[in-house]
1. Determine which single condition residue 95 fails, assuming it passes every other condition in (1) modelled with pLDDT of 60 or more; (2) surrounded by fewer than 16 Cβ atoms within 10 Å (Cβ to Cβ).
2. Considering only the stretch 44-59, state which residues are in contact with a Pro (Cβ under 9 Å, 6 or more places away or on another chain) and in a helix (DSSP H, G or I).
3. For the stretch 11-54, which residues satisfy the criterion of being of a type in the set (Ser, Thr, Tyr) and surrounded by 14 or more Cβ atoms within 10 Å (Cβ to Cβ)?
4. Residue check, residue 41 against (1) outside any helix (DSSP H, G or I); (2) under 13 Å from residue 83 (Cα atoms), all met but one. Which one?
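The values are calculated or read from the model by the stated rules, or taken from the named source; none is laboratory data. Nothing here was measured: the structure is a model prediction, and the numbers come from that model. Note: ideal-geometry Cβ built from the backbone for every residue, glycine included; neighbour counts use all protein chains shown.
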Amino acid sequence: MKAISFSGLSLLCSRTDEEAMCRVKTHDDHGEFDRLVARWEQPIRRLCVRMTGDVHRGEDLKQETFVRLFEKRKDYQPTGKFSTSLILMKPEAAPEGADPLLRRLLRTR
């Protein structure tokens, strides 16, 4: 008899990032917030390092991004993808000489 694997079941039962953030917003669910941080900390860190050109400053900005996300959790509106909300949440960090489009994007927040 063949053994049944339930690894795919966890994918079916896991929440989307948007659903997880809604739980963080409505229930202050720290477990869901930890899951979101674990999923998104490396992509946000890479983005911040690319923006600043400095690994240490990028790490600081990553941490600031997640602090701001948690502080503003009650304002979260699931009108789009969570990743878009998260990327736009990052602190203003464009260094002098950065891409003009990036500088405009950061000024609008």
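1. That leaves (1) as the condition not met.
2. Just the residues of the stretch 44-59 that are in contact with a Pro (Cβ under 9 Å, 6 or more places away or on another chain), to begin with: 48, 51-54, 57.
48, 51, 52, 57 - these are the residues of the stretch 44-59 that are in contact with a Pro (Cβ under 9 Å, 6 or more places away or on another chain) and in a helix (DSSP H, G or I).
3. First, the residues of the stretch 11-54 that are of a type in the set (Ser, Thr, Tyr): 14, 16, 26, 52.
Across the stretch 11-54, the qualifying residue is only 52.
4. (1)
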